Amino acid sequence: MKDVGLSLDEEFPKPLTDDILTAADVVVTMGCGDACPYLPGKRYEDWPIDDPAGADAATVARIRDDIDQRVRGLLASLLPDLTLPAR
């Protein structure tokens with residue numbers, strides 16, 4: 001992520017709790033299938049993302065870029081008037 005100017009030094013996985021689900025407009029999961037919490041009435045998107053654990057740098061970059069494009073598409077669908085800078 002440092003390649004694109006982001007630091008993950010203070011980041012860590014966060015649990016998907018009922019409080020987070022309640023506050024969310026869209027819940028994006030990445031391949032958790034039936035194990036994910038579900039709250040009726042929420043918009044869910046499951047993105048089948050490859051696991052970067054143990055992958056080489058080129059594969060991790062491809063996964064990062066895939067997530068980036070998916071996030072940009074989601075933002076565009078939620079906020080069509082928002083203009084995001086190109087990466």
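Scanning the stretch 68-87 for residues that are among the hydroxyl-bearing types (Ser, Thr, Tyr) and modelled with pLDDT under 85 yields a single hit, Thr83.
Looking across the stretch 2-55, the residues that are part of a strand (DSSP E or B) and either in contact with a His (Cβ under 8 Å, 6 or more places away or on another chain) or touching a residue at least 40 places away in the same chain (Cβ under 8 Å) (or both) come down to Val26, Val28.
So which residues in the stretch 27-53 are among the aliphatic types (A, V, I, L, M), more than 11 Å from the chain's Cα centre (by Cα) and within 22 Å of Arg64 (Cα to Cα), if there are any at all? Ala53, the sole residue that qualifies.
The single condition among (1) in contact (Cβ under 8 Å) with a residue 12 or more places away in the chain; (2) within 18 Å of Met1 (Cβ to Cβ) that Ala58 does not satisfy is (1). Residues in the stretch 51-61 that are of a type outside the set (A, V, I, L, M) and surrounded by 14 or more Cβ atoms within 10 Å (Cβ to Cβ): Pro52 only.
The values are calculated or read from the model by the stated rules, or taken from the named source; none is laboratory data. Values in this document were obtained by computation on a predicted structure and should not be read as measured data. Cβ sites come from the backbone with ideal geometry, for glycine too, and all protein chains shown count toward neighbours.
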